[in-house]
């Protein structure tokens, strides 16, 4: 079997056209065709990239007489999983776990590539004590916590648990990296949806933040214990419309702002309820601000590559090329 034959076989297992394969490996359809016809040789960096994505060794691609599929072939599939009082959202780079355990609500943030994710942060709210325990592991290896979390932080994410859960959504990381539209090209609604679809993650300034936005659902984990002990972990339905975002129902939330006696310490869970997408408000000219004012993020300012929305005095800016967006998802 020639090198071109092996590349063709790998492309077939990935289910890609020559054009898609070219985009995946930073080449063109014509170049992929020449590879498969043995009219040209791919650079060694592209051979390594093929091996990594396809789960095979470089030798199995380059050497004659070695089976191309000498390693288990599986394209990593991201998904949303549910089982009774547990919800798991896993991407290639992070995993968020929300669960009810007795009279305690828990949220966990795992970070790492594919199967090698470890626990970076955890929050748990006890209804009886009305207290939120928190812990996170920063990029310098320091653990910040209000309890002894040394034996918890750093533990490996158990993907076997997903075998006993129902996968309600499946999606893939976007590898083509097609340019996102600007506001003049696509309008507010499209940009507020496309710019946000993916995984946002950072750990800096005494806080850790992760957000997965997928199909109108926002899965969030935010912890800033050094800034008024601000903790928020939850699931919110969000839908974009031409003048901003419509914020819908929250299906899970751990919220702790300041000390435990403040009114902002509100926690609830409805993981067993079916998730429903929200709908933008309707009325005269399609928008009825009067009846839904507190549930709207309205566009206040914008440029070609950014949109600032406001809700009850708070402002949030979305950017076309957000430096904290670590992966995007295929439609």
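Do we find that residue 149 is at pLDDT 95 or above, surrounded by 12 or more Cβ atoms within 10 Å (Cβ to Cβ) and not assigned by TED's automatic domain parsing to the domain that holds residue 53 in this structure? It would help to see each step written out before you state the result.
Values: at pLDDT 95 or above: no; surrounded by 12 or more Cβ atoms within 10 Å (Cβ to Cβ): yes; not assigned by TED's automatic domain parsing to the domain that holds residue 53: yes.
Answer is no for this residue.
Of all the residues in region 303-328, those that are loosely packed, with under 13 Cβ neighbours inside 10 Å, touching a helix residue (DSSP H, G or I) at 6+ places or on another chain (Cβ under 8 Å) and within 14 Å of residue 179 (Cα to Cα) number 1. The residues in region 146-183 that are over 26 Å from residue 53 (Cβ atoms) and free of Cβ contacts under 8 Å to residues at least 12 places away in the same chain can be counted, and the count is 3.
If I go through region 168-188 residue by residue, how many of them are surrounded by 14 or more Cβ atoms within 10 Å (Cβ to Cβ) and touching a strand residue (DSSP E or B) at 6+ places or on another chain (Cβ under 6 Å)? Looking only at that region, the number is 6.
Taken over region 20-57, the criterion of being outside any loop (DSSP other than H, G, I, E, B), over 20 Å from residue 114 (Cα atoms) and free of Cβ contacts under 8 Å to residues at least 12 places away in the same chain is satisfied by 21, 22, 30, 31, 34, 44, 45. Considering (1) exposed (fewer than 14 other Cβ atoms within 10 Å of the Cβ); (2) within 20 Å of the chain's Cα centre (by Cα); (3) within 30 Å of residue 302 (Cα to Cα), the lone condition that residue 113 does not fulfil carries the number (3).
A quick yes/no check of all residues on (1) at pLDDT below 85; (2) in the same structural domain as residue 327 (by TED's automatic domain parsing); (3) touching a strand residue (DSSP E or B) at 6+ places or on another chain (Cβ under 8 Å); (4) not in a loop (DSSP other than H, G, I, E, B):
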{"position": "228", "(1), (2), (3), (4)": "yes, yes, no, no"}
{"position": "234", "(1), (2), (3), (4)": "no, yes, yes, yes"}
{"position": "239", "(1), (2), (3), (4)": "no, yes, yes, yes"}
{"position": "246", "(1), (2), (3), (4)": "no, yes, yes, yes"}
{"position": "264", "(1), (2), (3), (4)": "yes, yes, yes, no"}
{"position": "272", "(1), (2), (3), (4)": "yes, yes, no, no"}
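For region 105-128, residues that are on the phi > 0 side of the Ramachandran plot and touching a residue at least 40 places away in the same chain (Cβ under 8 Å) total 1. Among the residues of region 89-104, the ones that are under 26 Å from residue 129 (Cα atoms) and within 21 Å of the chain's Cα centre (by Cα) come to 4 in all.
Across region 116-137, the qualifying residues are those that are surrounded by fewer than 23 Cβ atoms within 10 Å (Cβ to Cβ) and modelled with pLDDT of 90 or more, and the one among them that is nearest to the chain's Cα centre (by Cα) is 117.
Report whether or not residue 19 is modelled with pLDDT under 90 and in contact with a strand residue (DSSP E or B) (Cβ under 7 Å, 6 or more places away or on another chain). In short, no.
The values are calculated or read from the model by the stated rules, or taken from the named source; none is laboratory data. Owing to the predicted nature of the structure, the values given are computational and were not obtained by experimental measurement. Every residue, glycine among them, receives a Cβ derived from its backbone with ideal geometry; neighbour counts consider all protein chains shown.
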